[in-house]
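Engineer: If you scroll down you'll find the structure; I have some questions about it.
The values are calculated or read from the model by the stated rules, or taken from the named source; none is laboratory data. None of these values were measured; they are calculated from a predicted model. For neighbour counting, all protein chains shown are included, and Cβ atoms are generated from backbone atoms with ideal geometry for every residue, glycine included.
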Amino acid sequence: MSKSKGCILIVDDEDDLRSLMAKVLELEEFKVYTAATPAQAMHILDNKTIEVIISDVRLEVANGLDLIPEYKKRKPFAQIIMLTAYGNIPDGVSSIKRGAFDYLTKGDDNIRIVPVVEKAIEMARLSNKIFKLDAIEPSKGFDSVIGESKALKNAIKLATRVAGADLSVLLTGETGTGKEVFANAIHQASKRCKKPFMALNCSALGKELLESELFGHVKGAFTGANGDKTGFFEAANGGTLFLDEIGEMSLDLQAKLLRVLETSMYYMVGSTKEKKADVRIIAATNRDLLAESEKGNFRLDLYYRLSTFVVNLPPLNERGDDVIILAKYFVKQAADRMDMPEPELSKELQTALKGHVWKGNLRELKNVMERALILSDGEEMGSELLPPEFGEHASERTLVRPNAPVDLSSLEKDHISNMLAFTGGNKTKTAEILGIGVATLYRKIQEYGL
């Protein structure tokens, strides 16, 4: 008898459906176990090697969705496929949100079941392999990620393990949590570290321009295309392409990106000649892409492709004393750039920083500390150097209005204005200190009317 293609457990209280599905999979040379109740399923999981669990959502004695954590607890690397009633999309989406690999609709499962199971088997083995890998030089690359909190260390541990596997990664988390820094760290800890790391913000460009930036274009592709242009896929060949704010990408571009992920092939804009892309994709978003897919704003198949491995970055307010560690780091970094002495942070200032609700996360903290450094004139930075929202009763205000938005553009405008004043209007020096290009600075000056 030939070796089985994988071990599967089917959990369903409908005898006929369970038997039929088992027969279909056994004919495809899978080893199949069956269970009519959750208790039987748990016994099999405790005693057998299982790579894929196919479970009905509506069991007579339990809600299948509630069993997902129990399945995962017993078999962490097994992939779960949920069976839903015909046309019941909400159950399917809920399955994915709770950690299932995919879902099948009863009635068409005989058509889809084999390819879905094969993909799930592949993912189960890949996940198992990743967590058995010795991390590639854990400190390498992740030295740039500053902080000591447990939440951050957990994210680093996860990212370090996936760095050595050539998988797509999806970084999730609030705006300003340092997703590009994490993406670069993953690249530096990977086998692609000697090749380019390219970053592109999908929200910063219009649809046509973004397509041209991604894939490049040939001469005459559109008005103004006076020559061939190399795209990011070609420029990042052999390396890593980081796509920030992937949720802002238009649907037709999503389809083209999906094709690259599936076939590694793409077309330059205006060309009929295929090109090969040897690129690892790391994407990032502050949106709930599954919720966006329900609204028709994001392709579910692209989400599956991008989210082979998901790393969620914790917000600054969940990182405890990391706020102070990062504040000191940003002050030292800015002081070195400005050729200024590095002042200490007063206890009052540290208390104010820890009590603030950081809606803009690391980006907001960096701007606040650079502003305070410019205004300081002693060996110690006091809380009076902080913006008005850090006043005596700031903690009370943040408790009353925890969801109050932070106007990051206003913060950026003030920061640039203060830096221009500090340099006496020297735009080259200001751009250097801010870490941006002179052209970007001029655009910001025009945008904010400075």
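Engineer: Can you tell me which of L399, L362, L411 is out of contact with any strand residue (DSSP E or B) (no Cβ under 6 Å at 6 or more places or on another chain) and either at pLDDT 70 or above or surrounded by 19 or more Cβ atoms within 10 Å (Cβ to Cβ) (or both)?
Structural biologist: That would be L362, the only listed residue that is out of contact with any strand residue (DSSP E or B) (no Cβ under 6 Å at 6 or more places or on another chain) and either at pLDDT 70 or above or surrounded by 19 or more Cβ atoms within 10 Å (Cβ to Cβ) (or both).
Engineer: Out of A283, A334, I need the residue that is among the small types (G, A, S) and either farther than 24 Å from L171 by Cα or at pLDDT below 90 (or both). Which one?
Structural biologist: The match here is A334.
Engineer: Somewhere in segment 40-50, is a residue under 18 Å from E118 (Cα atoms) and not aromatic (F, W, Y)?
Structural biologist: Step one: list which residues in segment 40-50 are under 18 Å from E118 (Cα atoms), which gives 49-50.
Narrowing the set further to residues that are not aromatic (F, W, Y) leaves 49-50.
Scanning segment 40-50, I find at least one residue that is under 18 Å from E118 (Cα atoms) and not aromatic (F, W, Y), so the answer is yes.
To keep it simple, each residue is scored yes or no on (1) within 21 Å of N184 (Cβ to Cβ); (2) of a type in the set (A, V, I, L, M); (3) not assigned by TED's automatic domain parsing to the domain that holds V310.
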residue: A199; (1), (2), (3): yes, yes, no
residue: G224; (1), (2), (3): no, no, no
residue: M249; (1), (2), (3): yes, yes, no
residue: S271; (1), (2), (3): no, no, no
residue: D278; (1), (2), (3): yes, no, no
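Engineer: Anything in segment 170-198 that is basic (K, R), surrounded by 20 or more Cβ atoms within 10 Å (Cβ to Cβ) and in a loop (DSSP other than H, G, I, E, B)? List them, or say none. It would help to see each step written out before you state the result.
Structural biologist: Step one: filter segment 170-198 for residues basic (K, R), giving 179, 191-192, 194-195.
So of that shortlist, the ones also surrounded by 20 or more Cβ atoms within 10 Å (Cβ to Cβ) come out as 179, 192.
Within segment 170-198, just R192 meets the criteria.
Engineer: Right, next: Within segment 294-307, does at least one residue satisfy the condition of being charged (D, E, K, R), under 29 Å from L158 (Cβ atoms), surrounded by fewer than 19 Cβ atoms within 10 Å (Cβ to Cβ) and in the same structural domain as E379 (by TED's automatic domain parsing)?
Structural biologist: No, there is no match, as no residue in segment 294-307 is charged (D, E, K, R), under 29 Å from L158 (Cβ atoms), surrounded by fewer than 19 Cβ atoms within 10 Å (Cβ to Cβ) and in the same structural domain as E379 (by TED's automatic domain parsing).
Engineer: Also, quick follow-up: Determine which member of the set T272, T240 is hydroxyl-bearing (S, T, Y) and surrounded by fewer than 17 Cβ atoms within 10 Å (Cβ to Cβ). Let's see the steps before the verdict.
Structural biologist: Details: T240 fails: surrounded by fewer than 17 Cβ atoms within 10 Å (Cβ to Cβ).
None of the others qualify; the one that does is T272.
Engineer: Okay, next question. Might you let me know whether segment 250-261 holds any residue that is buried (at least 17 other Cβ atoms within 10 Å of the Cβ) and part of a loop (DSSP other than H, G, I, E, B)?
Structural biologist: Among the residues of segment 250-261, not one is buried (at least 17 other Cβ atoms within 10 Å of the Cβ) and part of a loop (DSSP other than H, G, I, E, B), which makes the answer no.
Engineer: Can you name every one of the helices (runs of 4 or more DSSP H) wholly within segment 299-395 that holds 3 or more residues which are among the charged types (D, E, K, R)? Please lay out each step first, then the result.
Structural biologist: On the way: elements: 300-306, 322-338, 347-355, 361-375.
Hits in segment 299-395: 322-338, 347-355, 361-375.
Engineer: Are any residues in segment 140-180 within 12 Å of the chain's Cα centre (by Cα), under 22 Å from V260 (Cα atoms) and aliphatic (A, V, I, L, M), and if so, which ones?
Structural biologist: The answer is V169, L170, L171.
Engineer: I want to confirm something. Restricting to segment 207-229 and keeping residues that are within 19 Å of L241 (Cβ to Cβ) and of a type outside the set (D, E, K, R), which single residue is modelled with the lowest pLDDT?
Structural biologist: Looking at residues that are within 19 Å of L241 (Cβ to Cβ) and of a type outside the set (D, E, K, R), I get L209.
Engineer: Residue check: is G239 in the same structural domain as L209 (by TED's automatic domain parsing), at pLDDT 90 or above and over 19 Å from T308 (Cα atoms)?
Structural biologist: For G239, the condition - in the same structural domain as L209 (by TED's automatic domain parsing), at pLDDT 90 or above and over 19 Å from T308 (Cα atoms) - is not met.
Engineer: Select from segment 199-212 the residues that are surrounded by 19 or more Cβ atoms within 10 Å (Cβ to Cβ) and part of a helix (DSSP H, G or I) and write down the one among them that is farthest from the chain's Cα centre (by Cα).
Structural biologist: So, considering only residues that are surrounded by 19 or more Cβ atoms within 10 Å (Cβ to Cβ) and part of a helix (DSSP H, G or I), the one farthest from the chain's Cα centre (by Cα) is S212.
Engineer: Would you please name the residue that is farthest from R305 (Cα to Cα), looking only at residues in segment 157-169 that are surrounded by fewer than 20 Cβ atoms within 10 Å (Cβ to Cβ) and of a type outside the set (G, A, S)?
Structural biologist: Here the answer is K157.
Engineer: Does V93 satisfy being farther than 20 Å from V162 by Cβ, touching an Asp or Glu at 6+ places or on another chain (Cβ under 9 Å), at pLDDT 85 or above and among the aliphatic types (A, V, I, L, M)?
Structural biologist: Working: farther than 20 Å from V162 by Cβ: yes; touching an Asp or Glu at 6+ places or on another chain (Cβ under 9 Å): yes; at pLDDT 85 or above: no; among the aliphatic types (A, V, I, L, M): yes.
Here the answer is no, as V93 does not meet what is asked.
Engineer: Still on this structure: State all residues of segment 1-23 that are under 37 Å from the mean Cα position of the chain (by Cα) and touching a residue at least 24 places away in the same chain (Cβ under 8 Å); if no residue qualifies, say none.
Structural biologist: S4, K5, G6, C7, I8, L9, I10, V11, D12, M21
Engineer: If I filter segment 276-293 down to residues being of a type in the set (K, R) and surrounded by fewer than 17 Cβ atoms within 10 Å (Cβ to Cβ), which single residue comes out as nearest to A221 (Cα to Cα)?
Structural biologist: My answer is K276.
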